[in-house]
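Reading through the structure tokens given below for one structure.
The values are calculated or read from the model by the stated rules, or taken from the named source; none is laboratory data. In this text the structure is predicted, and so the values were computed from the model without any measurement. Here the Cβ is made from the backbone with ideal geometry for all residues, glycine too, and neighbour counts use every protein chain on show.
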Amino acid sequence: MPGVPEMPGGLRLPRLPLIIGTLAMGLGVTAALYYSRLGLTLSHYDAKAHLVVSRRILDSLTPGWEQIGAVWLPLPHLINMLPVQIDFFYRTGLFAIGVSILSHALAATSIAATVLALTSSRAGAALAATLFATNANILYLQSTPMTEPLLFGLTTLQVFLVTRWVLAGQLRVPVAAGWVTVLACLTRYEAWPITAGCFAASAFAWWRRGHSLRFVLPVYARLALYPLITVLTFVVFSRITVGEWFVSGGFFVPDETLRGQPVAVFTNIVDGVELLAGAWLLRFSLVALSAVTLVALWSAGRSPMLVPLSLFAAAALPLAAYLAGHPFRIRYEIPLVMAGAVSVGLATGLLRRLAPVVALGVLAFVLDESRPFDQSAAMIREAQLDQQTQPRALVTACLQARYRGGAIMMSMGALGHYMHEMSASGFDIRDFLHEGNGPIWDSAFTRGPAPLVEWVMVEEEAEGGDAIVQRHRQLPRLLEDYTKVCSGGNVSLYHRVRNQGS
């Protein structure tokens with residue numbers, strides 16, 4: 001068909017998803033400008049910290065691949081690694097925001113294409129994409145350097161490619177879907193359970209549509225190599241760089257109201273989704289999830305509809321994290337808003353002629369309760385929890401007045417966002433000694449920093465104090481060669497008073 005673009009594997013993408021994706025990009029640019037004018041672009045501490053991790057790969061006391069780190073997955077930081085070496089992109093996050101906007105548009109396009117492919121309903125496809133793209137919390141995230149938008153774009157594209165593979169009926173390894181899976185699994189941990197769910201659901205669909213497991217399972221054994229090799233490579237990298245196969249703790253104070261409390265955890269997850277999506281979208285999502293699941297299980301022809309429902313597997317991350325005691329974070333529930341939007345679009349598409357009327361009704365209820373650009377949206381409130389920017393600026397000024405060179409020991413795990421703030425005062429990542437500097441940090445942390453650094457900066461309050469503060473409690477002589485010169489915003493600056501080697 002002339003004028004219809006081809007997707008990987010020779011699949012053609014209808015015009016409607018492309019139109020929706022274009023509109024989503026325009027909305028995304030508008031949102032980014034709006035939140036920039038409000039001064040909210042880099043309000044979230046992790047937005048700044050992601051830029052710091054990207055920058056430190058090349059700008060560090062010990063630059064190199066070890067700086068990629070092993071707590072966060074590496075793809076977002078590798079994408080931004082070169083652009084953030086330019087101070088403008090580093091301080092504004094503009095390039096990373098551009099990646100977020102493109103990812104937002106990709107997600108809207110993929111969501112619409114998936115629903116359209118499964119239901120042939122334009123109304124259902126438009127509804128699903130609109131519920132996703134106009135959510136105030138999702139719009140805010142795509143206006144920042146956060147990593148969730150890239151997750152949304154890659155996992156929805158993965159779901160679309162796997163769905164079209166099943167619908168096409170050609171049982172051979174979908175290479176494009178495999179490589180998109182690799183990228184998704186290197187972006188955020190939510191992609192890992194989504195991938196498992198996506199592969200399981202699509203394998204079931206192949207079987208229900210008459211293909212023998214004797215032929216299906218070998219294909220999936222080869223397809224599974226994509227995520228398995230990716231995850232294995234990452235855990236080996238983690239072991240080499242930080243000495244652990246998988247970093248799951250040590251960067252938060254456990255919340256005993258959640259740790260080991262499955263009922264409390266489930267309640268918090270549901271409450272989080274309701275705060276993000278609104279009560280109406282939550283209700284519609286639960287009904288749609290049940291209806292689509294029943295239809296997909298009952299009808300062999302509808303069984304591929306289980307594939308996009310695998311997006312709900314993102315719930316595995318907050319479930320595991322909260323059971324381990326991780327403090328509640330509202331953004332951990334945002335992928336479930338995306339999953340809910342897809343399920344509502346699928347269920348609406350099944351209604352055929354009633355779909356347009358139902359879509360308008362659903363949209364009216366949802367947007368009346370949860371409107372785009374809502375400054376009181378839950379994600380925006382969470383982004384503004386850090387109220388110490390101005391008090392910390394006083395500490396930066398104090399350091400500037402005294403600084404004559406020398407390294408500054410500072411925990412990136414606790415104060416990475418502050419390192420970014422200090423860039424406006426001329427400090428680069430290579431001015432800091434942090435956890436990513438390996439043996440140098442280990443020596444300063446275990447034996448004392450005096451032989452190595454002139455200054456020490458510590459976070460004294462958040463999460464019970466940073467790593468340096470906690471080590472100081474264990475080893476009181478750690479900072480015996482230093483005197484506190486100023487403090488503010490829970491941060492204290494220490495200066496070495498004993499001249500080492502004299």
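Working only within the stretch 368-392, note down all residues that are modelled with pLDDT of 90 or more and over 24 Å from ARG329 (Cα atoms).
Answer for the stretch 368-392, where residues must be modelled with pLDDT of 90 or more and over 24 Å from ARG329 (Cα atoms): just ASP368.
Which of the residues spanning the stretch 453-471 are crowded, with 18+ Cβ neighbours inside 10 Å and either over 26 Å from SER238 (Cα atoms) or touching a residue at least 60 places away in the same chain (Cβ under 8 Å) (or both)?
Scanning the stretch 453-471 gives VAL453, GLU454, TRP455, VAL456, MET457.
Select, from SER411, SER443, SER425, the only residue that is of a type in the set (S, T, N, Q), touching a residue at least 12 places away in the same chain (Cβ under 8 Å) and surrounded by 13 or more Cβ atoms within 10 Å (Cβ to Cβ). Give the derivation first.
Numbers: SER443 fails: touching a residue at least 12 places away in the same chain (Cβ under 8 Å); SER425 fails: surrounded by 13 or more Cβ atoms within 10 Å (Cβ to Cβ).
Answer to the check: SER411.
Tell me whether the stretch 127-145 contains one or more residues that are farther than 30 Å from SER285 by Cα, touching a Phe, Trp or Tyr at 6+ places or on another chain (Cβ under 8 Å) and not assigned by TED's automatic domain parsing to the domain that holds PHE284.
Looking only at the stretch 127-145, we keep the residues that are farther than 30 Å from SER285 by Cα, and these are none.
No, that holds for no residue.
Does ARG302 fit the bill of being of a type in the set (Lys, Arg), over 19 Å from the mean Cα position of the chain (by Cα) and surrounded by fewer than 17 Cβ atoms within 10 Å (Cβ to Cβ)?
Details: of a type in the set (Lys, Arg): yes; over 19 Å from the mean Cα position of the chain (by Cα): yes; surrounded by fewer than 17 Cβ atoms within 10 Å (Cβ to Cβ): no.
So ARG302 fails the test.
Looking at (1) buried (at least 16 other Cβ atoms within 10 Å of the Cβ); (2) within 30 Å of HIS495 (Cβ to Cβ); (3) under 28 Å from the mean Cα position of the chain (by Cα), which is the one condition that is false for GLN390?
For GLN390, the exception is condition (1).
Given the options LEU311, LEU297, LEU282, LEU289, name the one that is modelled with pLDDT of 95 or more and farther than 23 Å from LEU161 by Cα.
Values: LEU311 fails: farther than 23 Å from LEU161 by Cα; LEU297 fails: farther than 23 Å from LEU161 by Cα; LEU289 fails: farther than 23 Å from LEU161 by Cα.
LEU282 is the lone residue from the list that is modelled with pLDDT of 95 or more and farther than 23 Å from LEU161 by Cα.
Going by what's in this entry, would ALA401 be described as surrounded by fewer than 16 Cβ atoms within 10 Å (Cβ to Cβ) and of a type in the set (A, V, I, L, M, F, W, C)?
Here the answer is yes, as ALA401 does meet what is asked.
May I ask you to list pairs of residues, at least six apart or on different chains, whose Cβ atoms are under 8 Å apart, with the first in the stretch 165-189 being over 30 Å from VAL71 (Cα atoms) and the second being in a helix (DSSP H, G or I) and of a type in the set (Lys, Arg)?
VAL173/ARG222
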